Amino acid sequence: MPQLWVTNSLGGYMSAKNLSKKLRLAVQPLIKFRQLCDVKDATQQGKHKGQTYHWDVFSDVATQGATLTETTTMPETQFVITQGTLTVNEYGNSVPYTGKLDDLSELPVTTIINKVIKNDAKKAFDIAAEAQFSYTPLHVCEDGSSTTAINLMTASTNTDTASVELGKGHVKAIRDVMVERNIPPYMGDDYIAISWPTTYRTFKNDLESIKQYTTEGFKMILNGEVGRYENIRFIEQTNIAKDGSTYSDWCYFMGDDTVCEAIVVPEEIRGKIPGDYGRSKGVAWYYLGGFGLVHTAQLQARIVRWGSKA
């Protein structure tokens, strides 16, 4: 349904008599998950080459190198190349409006709609990206009711039930698992964690007394970043819904090479060609691309998802 002048709740109030001249919009969060994706230019693969985008994934070598003896030949080994795939899709949304609304409004209709649909696009990208993060084969939950030990599950879903909140003991154990699995850090020596603010609440309360939740020394702060602990940088987000767990909600911990984003047509604002002799107008956002989990095998996985099956 288009924005109309005759319907107050849709457009009739866009007059300075009933609305402040100062433009106000609902506060919307910036992208959080999408900034953690590895962006690929899918136009290099070429348009008109099908809907599936491919990229190469390289395994570790089959046999570890070691000390050589002078009289023996150089050992030989191999590594495996597999291909990751994702499906390129169209994304978009639009707000149609009438020419009368545009002509009579004392506020900039097109400018307002541009901002509203940009906020919509940001959330759509995060939803699409997180759907791929959730396919990680590595899941963790606390071991029993421990506040320090964790249970690592190498399956497609979490099979454990949380009974305590995420705490600093769990964060330490998760980092140890990531380091010992040789998951490369996301940036410098640091890993990344992302979740809801309330998921971090017990964890942050634990750290207040020792004042270790800091961001000092960083030149680049990610969108939503609130601090750092145990070489993990923590990001808050509100775009992706909670899973409704009684105790601790989901939290993603990750290193480098997480989710691939293939862009064929970058996101853009498009104006509708006016119809009905200029009486029918509209503004849309459009994007052609897709997201795909890079490492689907558990031995090479880069993402660890904290959470509960219920």
* Just need a number here: residues in the range 67-107 that are exposed (fewer than 13 other Cβ atoms within 10 Å of the Cβ), modelled with pLDDT under 90 and hydrophobic (A, V, I, L, M, F, W, C). => 3
* Condition check for ALA128: at pLDDT below 80 and under 18 Å from VAL259 (Cα atoms) -> no
* Asked: Considering the range 280-310 alone, what residues qualify as being in a loop (DSSP other than H, G, I, E, B), surrounded by 13 or more Cβ atoms within 10 Å (Cβ to Cβ) and not small (Gly, Ala, Ser)?
  -> VAL294, HIS295, THR296, GLN298, GLN300, ARG302, LYS309
* Asked: Within the range 219-241, is there a residue that is in a loop (DSSP other than H, G, I, E, B), modelled with pLDDT of 90 or more, farther than 24 Å from LYS172 by Cβ and not polar (S, T, N, Q)?
  -> yes
* Asked: Where residues in the range 30-55 are modelled with pLDDT under 80 and in contact with a strand residue (DSSP E or B) (Cβ under 9 Å, 6 or more places away or on another chain), which of them is nearest to GLN132 (Cα to Cα)?
  -> VAL39
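The values are calculated or read from the model by the stated rules, or taken from the named source; none is laboratory data. Quantities reported herein were computed from a predicted structural model and do not represent experimental measurements. We place every Cβ from the backbone using ideal geometry, glycine too, and count neighbours over all the protein chains shown.
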